Amino acid sequence: MKRYLVAPMAIVALAVGAQAFAHHSFAATYIENQSVTIEGDLVQFVLRNPHSFVDVNVTQPDGSIVRYVVEWASPNQLQGKISRDTLKPGDHVIITGSPGRNADDHRVRLLQFRRPKDGWSWGLLPDEVIAR
C-alpha cells in the first residue's frame with residue numbers, strides 16, 4: 001500500500017515546487033526601497049494573471065514621450081475595486097511605485113494610483129507618504 005502512495009505524492013511535490021519556483025521575486029526586478037512618481041496618459045490597461053499591467057505615456061522634460069510599463073496586482077487582489085471599465089485609454093494618471101532595476105526598461109511596480117480628473121485613487125501607501 002505504501003508503495004502506491006509514493007508516486008502520487010512525488011508528483012504533487014514536484015508540481016508544487018515548480019509553481020513556487022516559477023513565481024518571481026519583485027526585488028529581482030524592482031528597487032523596493034525607492035519610489036518614483038510618473039505622470040502621463042494611460043495607453044493600455046491589461047487585467048490578467050498573474051499580474052495586471054498599465055502602460056502610460058510620460059512626457060519627458062525635453063518634450064519626448066516615453067512609454068512606461070507599470071506592473072500591478074493580480075485580478076484577484078483587485079477584485080471588487082477595479083474592473084476592465086475602471087480605466088480608459090487617455091485617462092491622465094499619476095502613479096507612484098518602485099522603479100525598475102534597469103532604468104532603460106521604464107518599468108514601475110505600482111503602489112499608488114491616482115486619476116486627478118475625478119479624484120479616483122487606489123493604493124498601498126497612505127496619502128501622507130505620497131504628498132511628501
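Nothing in this text is a laboratory measurement; each read-out follows from the coordinates by a stated rule. This one's a predicted model, so the numbers in the text were calculated from it and none came from an experiment. Every residue, glycine as well, gets a Cβ built from its backbone with ideal geometry; the counts of neighbours run over all protein chains shown.
At a glance:
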{"quantity": "Label-point separation in nm, Asp104 to Gln34, each point 7 Å along Cα→Cβ", "calculated": "1.6 nm"}
{"quantity": "Within the stretch 77-104, backbone nitrogen closer than 11 Å to the virtual label 7 Å beyond the Cα of Asn57 toward Cβ", "calculated": "90-91"}
{"quantity": "Electrostatic dipole magnitude of the stretch 61-128 [Cβ: Lys, Arg +1; Asp, Glu -1; Cα centre; debye, to 20]", "calculated": "200 debye"}
{"quantity": "Ile65 paired with Asp118, simple spin-label distance in nm, labels 7 Å along Cα-to-beta-carbon", "calculated": "2.3 nm"}
{"quantity": "Cβ crowding within 10 Å averaged over residues, with 73-84, 94-105 ranked highest first", "calculated": "94-105, 73-84"}
{"quantity": "Net length gained if the chain between Val46 and Thr86 were fully extended (0.36 nm per residue, minus Cα distance)", "calculated": "13.3 nm"}
{"quantity": "Mean Cβ count within 10 Å, highest first, over the residues of peptides 106-113, 55-62", "calculated": "106-113, 55-62"}
